[in-house]
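Undergrad: Sharing a structure here in structure tokens format.
Here, each number is a calculation from the coordinates, and none is a lab measurement. Here the structure is a predicted model, which means the values were calculated and not measured. Don't worry about glycine lacking a Cβ; one is built from the backbone with ideal geometry, like all the others, and counts go over all protein chains shown.
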């Protein structure tokens, strides 16, 4: 069975997923050694079935919105099942782009661990946005069932997504360069534009995501306030995506997009449609053309 890279996405981040897939093959010395599969939320109706329903996140009640920018995150736990609990997988978010060769990670000695990921300095401990998975060791992963447990208040979303539900001894660490948070330098292997408000392909668009609560208030008033904000969409009025503080990361993304357009991997009409839907900044084609001219 060939190793596979899974990229999860939804309608709001489709362009990122397509560019990500291209970057993986483009920057590998051995593109024939792995497959790429894009998991789109539309193909997993159990997610949409929970629209508007309360679930447990960080110990408080939130409302599931399938339209949120990151509604794909539960699919991080789907690949072992899709692989029949066989083989090796890299799982990635759609806002992550290859700078190095992904086959180096796929070939990593996992030293008997079920998964490798990046550690976090915070109490959340692990970042599940990039994981190397040994599917045969993850037979307890049942994505739909475990997603359902969020709504039964048997499982907390943050514990799940931060891998706190996994036995500590089954988790190993790889270098931060394999999930480099908004950092592009000579060490970067996978660039993760993780700060949503500065994602380079969304500059200038209205914010379309629900910010995380920074200070949790578990009082009845706090829970009610959070619920009301969630039901209202909780997108700050007038808030917009802003330019990435590192122009090199913008150029990196749009160089990849320009190559996709030139090679017919992504059609111009698709980009225009994503622009009309406010999923992609409205000057995306102009920026890609400008980067293309500079590289010529």
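Undergrad: Run the quick spin-label model on residue 268 and residue 296: label points 7 Å from Cα toward the beta carbon, then report their separation in nm to one decimal.
TA: Taking the two extended label points, one gets 1.4 nm.
Undergrad: Further, regarding this structure: Taking 0.36 nm per intervening residue step and subtracting the Cα-Cα distance, what contour gain separates residue 137 from residue 158 on full extension?
TA: 5.3 nm
Undergrad: Just to be sure I understand the model, the point goes 7 Å from the Cα along the line to the Cβ. What's the resulting residue 121 to residue 58 distance in nm?
TA: 1.9
Undergrad: As a check on your grasp of the helix formula, calculate [θ] at 222 nm for the chain: sum -39500 (n - 2.57) over DSSP H runs of n ≥ 4, divide by the residue count, round to the nearest 500.
TA: The per-residue figure over the chain is -8500 deg cm²/dmol.
Undergrad: With a 10 Å Cβ neighbour count serving as the proxy for reagent exposure, in which order, fewest first, do 159, 283, 95, 43 appear? Let's see the in-between values first.
TA: Numbers: 159 17, 283 13, 95 26, 43 9.
So the residues, fewest neighbours to most, are 43, 283, 159, 95.
Undergrad: How much length is gained if the chain between residue 148 and residue 35 is pulled fully straight, taking 0.36 nm per residue apart and subtracting their Cα-Cα distance, in nm to one decimal?
TA: My answer for the length gained is 37.7 nm.
Undergrad: Arrange 76, 281, 33 by Cβ neighbour counts within 10 Å, fewest through most, would you?
TA: 33, 281, 76
Undergrad: Give me the one-decimal nm value for the distance between modelled label points at residue 43 and residue 181, 7 Å along each residue's Cα-to-Cβ direction.
TA: Between residue 43 and residue 181, the simple spin-label model gives 3.0 nm.
Undergrad: Let me ask something additional. Based on the Cβ-Cβ distance of residue 109 and residue 278, what FRET efficiency does E = 1/(1 + (r/R0)^6) give at R0 = 35 Å, to the nearest 0.05?
TA: Working: r = 44 Å, r/R0 = 1.26.
Using R0 = 35 Å, I get an efficiency of 0.20.
Undergrad: How would you rank 55, 147, going from fewest to most other Cβ atoms within 10 Å of each one's own Cβ?
TA: So the ranking, lowest neighbour count to highest, is 55, 147.
Undergrad: Another one. Can you give me the C-alpha center-to-center distance between the range 248-273 and the range 5-26, rounded to a whole angstrom?
TA: Cα centres, the range 248-273 to the range 5-26: 12 Å.
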